[in-house]
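Q: Before anything else, here's the structure in question.
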Amino acid sequence: MTGLLQNKLALVTGAASGIGAGIAQAMASAGAKVIVADVNAAAATAMAERIGGTAYTLDVTDRAAVDALAATLRADFGPIDILVNNAGIIRRGKVDDADARAAWDATMAVNLDGMFNVTTAFMAQLKETKGAIVNIGSVQSFVAAPNSAAYTTSKGGVRALTKALAIELSPHGVRVNAIGPGLIATPLNEKARQNPDYMAHFATRIPLGRIGTPDDVAQPAVFLASDMARWITGVTLPVDGGFLSY
């Protein structure tokens, strides 16, 4: 997809590792100037150096920090063209666990409130450039899974927010879509992937016969951010090896 995002300015949150890093790399390869934003400053810097981007430390739950980054980027680079809301966490556990409330609050703060914080902070810039937003959700916005009520609910919220934003921002020429990844090999789920029962469950339910890679998500993200998807908005695209076909 070389040149597909030529001269575009893209902000990717949670871009230092996993799916976010894959998207940052793919967008840079497609010609975009990529802003690598992550709570892990050292990892963000390393990623930015690898792809020729610029790194900023960002906690998406900190509204003031998000607003400050929006002002800084506008001053330094001009308005962004592409926003990829990728930052996310997962806290597994049963709803009657002693720390269930804390896990719920932490998950919502990053996965849903954080997405709202970043989107609203950069909304004026995206209206100016008639840009594109790509939200990273999950197949768990379509189906539930055990021991992940907070995560499932947060990703269901991402899917709903994507639709709502698509309607509100379409008069301004801004497109809003989401990707619902299936099981992707990332540091976020490394512990779960070490569980044989967990992996066996997925092995029988992925028609394409393997778990995904960050690049499997990154290429559709480039497409959705590009003019090739100019008549697509409000969609959550499953990227799951066929998992939802069952």
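Q: Anything in region 192-246 that is within 25 Å of LYS33 (Cβ to Cβ), among the β-branched types (Val, Ile, Thr) and free of Cβ contacts under 8 Å to residues at least 60 places away in the same chain? List them, or say none.
A: If the condition is that a residue be within 25 Å of LYS33 (Cβ to Cβ), among the β-branched types (Val, Ile, Thr) and free of Cβ contacts under 8 Å to residues at least 60 places away in the same chain, then ILE232 is the only one that fits.
Q: Another question, if that's okay. Of everything in region 46-82, what is in a helix (DSSP H, G or I), farther than 19 Å from ALA109 by Cβ and over 19 Å from the mean Cα position of the chain (by Cα)? Give them in sequence order.
A: Within region 46-82, ALA46, GLU49, ARG50, ALA71, THR72, LEU73, ARG74, ALA75, ASP76, PHE77 meet the criteria.
Q: I need the full set of residues from region 6-33 which are within 28 Å of ASP62 (Cβ to Cβ), in a loop (DSSP other than H, G, I, E, B) and in contact (Cβ under 8 Å) with a residue 40 or more places away in the chain, in order please.
A: LYS8, GLY14, ALA15, SER17, ALA32
Q: Further question on the same structure: Would you say ARG159 is among the basic types (Lys, Arg), at pLDDT 90 or above and not in a helix (DSSP H, G or I)?
A: No.
Q: I'm checking my understanding of the structure. Among residues of region 1-31 that are over 17 Å from the mean Cα position of the chain (by Cα), among the aliphatic types (A, V, I, L, M) and at pLDDT 95 or above, which one is surrounded by the fewest Cβ atoms within 10 Å (Cβ to Cβ)?
A: Of everything passing the filter in region 1-31, LEU4 is surrounded by the fewest Cβ atoms within 10 Å (Cβ to Cβ).
Q: Do any residues in region 48-62 that are within 11 Å of ASP38 (Cβ to Cβ) have Cβ atoms under 6 Å from those of residues that are in a loop (DSSP other than H, G, I, E, B) and modelled with pLDDT of 95 or more, where the two are at least six apart or on different chains, and which pairs are they?
A: These pairs meet every condition: ASP59/VAL39; VAL60/ALA87.
Q: Does THR119 fit the bill of being among the hydroxyl-bearing types (Ser, Thr, Tyr), outside any loop (DSSP other than H, G, I, E, B) and farther than 23 Å from ILE80 by Cβ?
A: Answer is no for this residue.
Q: With the requirement that a residue be touching a Lys or Arg at 6+ places or on another chain (Cβ under 6 Å) and either surrounded by fewer than 17 Cβ atoms within 10 Å (Cβ to Cβ) or within 16 Å of VAL176 (Cα to Cα) (or both), what does region 200-246 give you?
A: THR233, GLY234, THR236, TYR246
The values are calculated or read from the model by the stated rules, or taken from the named source; none is laboratory data. The model shown is predicted, which means the values in this text are computed figures rather than measured ones. For neighbour counting, all protein chains shown are included, and Cβ atoms are generated from backbone atoms with ideal geometry for every residue, glycine included.
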